[in-house]
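Chemist: Structure incoming, see below.
Each value in this text was obtained by applying a stated rule to the coordinates, not by laboratory testing. As the structure is a computational prediction, the values presented were derived from the model and not from experiment. Virtual Cβ from ideal backbone geometry, glycine too; neighbours counted across all protein chains shown.
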Amino acid sequence: MEKLSAAMENYLKTIYILYREEGVIRASYIASKMGVTKASVCRATDILSQKGLVTKNKYYSLALTPKGLKQAELITNRYNIIHTFLNEILDIEPSVAEKDACSFEHNISLESLQSMHQYLKIYRQKQKCE
């Protein structure tokens with residue numbers, strides 16, 4: 001899987017979230033959710049399209065390709081593990097955990113991510129037993 005820049009990962013994750021929430025993905029929705037201009041979204045989606053991660057359809061809508069969907073799910077999962085670890089294990093406030101997870105998700109090693117995930121699983125098992 002090709003490594004994307006942090007900005008492109010953020011666009012792909014936002015597209016995925018909008019796909020799950022709205023079912024329809026439009027540049028204006030992405031711009032609103034990310035606080036960027038539609039021109040920035042257009043440039044980013046052109047790059048993602050060239051990489052085979054999204055397709056542009058009629059009426060200015062976008063769709064994730066199977067490759068894009070898989071990569072977006074991995075990015076979102078990585079973010080969710082980090083956010084949950086920061087919030088539940090380290091008791092970081094949700095807004096701070098959200099900001100930090102968004103920063104960490106682009107640079108964390110697979111080893112660290114897997115360790116966090118494993119720790120969360122063990123922690124949740126212990127919580128169920130109590």
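Chemist: Rg (Å, one decimal) plus Dmax (Å, integer) for the alpha carbons of the chain?
Modeler: When restricted to the Cα atoms of the chain, Rg and Dmax are 16.2, 54 Å.
Chemist: Want the number for S49 to I122: 0.36 nm per residue separation, take away the alpha-carbon distance, what's left?
Modeler: 22.3 nm is the gain from fully extending S49 to I122.
Chemist: Let me ask something else about it. Longer than 26 Å from Cα to Cα, which of K13/K121; K3/K38; K56/K99 are they? Say none if no pair is.
Modeler: K56/K99
Chemist: Hey, another quick one. Could you give the angle, 0 to 90 degrees to the nearest 10, between helix 94-104's Cα long axis and the longest principal axis of the Cα atoms of the chain?
Modeler: Value to nearest ten degrees: 70.
Chemist: Related question: Choose one answer from I75, I25, I108: the residue with the largest mean-square fluctuation in a GNM of the chain with alpha-carbon springs under 10 Å.
Modeler: I108
Chemist: Name the residues whose placed amide hydrogens come within less than 5 Å of the amide hydrogen of T65, ignoring near sequence neighbours (fewer than 5 apart) on the same chain.
Modeler: V54, T55
Chemist: Specify the angular offset, from 0 to 90 degrees and rounded to the nearest 10, of the alpha carbon long axis of helix 6-22 from the longest principal axis of the alpha carbons in the chain.
Modeler: 90 degrees
Chemist: Per DSSP H run of n ≥ 4, the term is -39500 (n - 2.57); total these for the chain, divide by its residue number, and report the mean residue ellipticity at 222 nm rounded to 500 deg cm²/dmol.
Modeler: So the helix-based figure for the chain works out to -22000 deg cm²/dmol.
Chemist: Among I15, C102, Q125, whose Cα lies farthest out toward the positive end of the dipole of the chain, if unit charges sit on the beta carbon of Lys, Arg (+1) and Asp, Glu (-1)?
Modeler: The residue sitting most towards the positive pole is I15.
Chemist: At R20 and E130, where each label point lies 7 Å from the Cα along Cα→Cβ, what is the point-to-point distance in nanometres?
Modeler: Those two pseudo-labels are separated by 2.7 nm.
Chemist: Mind checking which aspartates and glutamates have their C-alpha under 15 Å from K126, skipping anything on the same chain fewer than 8 residues away?
Modeler: List returned: E88.
Chemist: Separate question: Assign unit charges at the C-beta atoms only (+1 for Lys and Arg, -1 for Asp and Glu), then state the dipole size of the chain relative to its Cα centre in Debye, rounded to the nearest 20.
Modeler: Taking the Cα centre of the chain as origin, the dipole is about 600 debye.
Chemist: Let me ask you something else. Of all alpha-carbon pairs in segment 1-63, indicate the percentage at a distance above 19 angstrom. Don't skip to the end; give the middle numbers.
Modeler: Details: 358 of 1953 pairs.
In whole percent, the long-distance tail amounts to 18.
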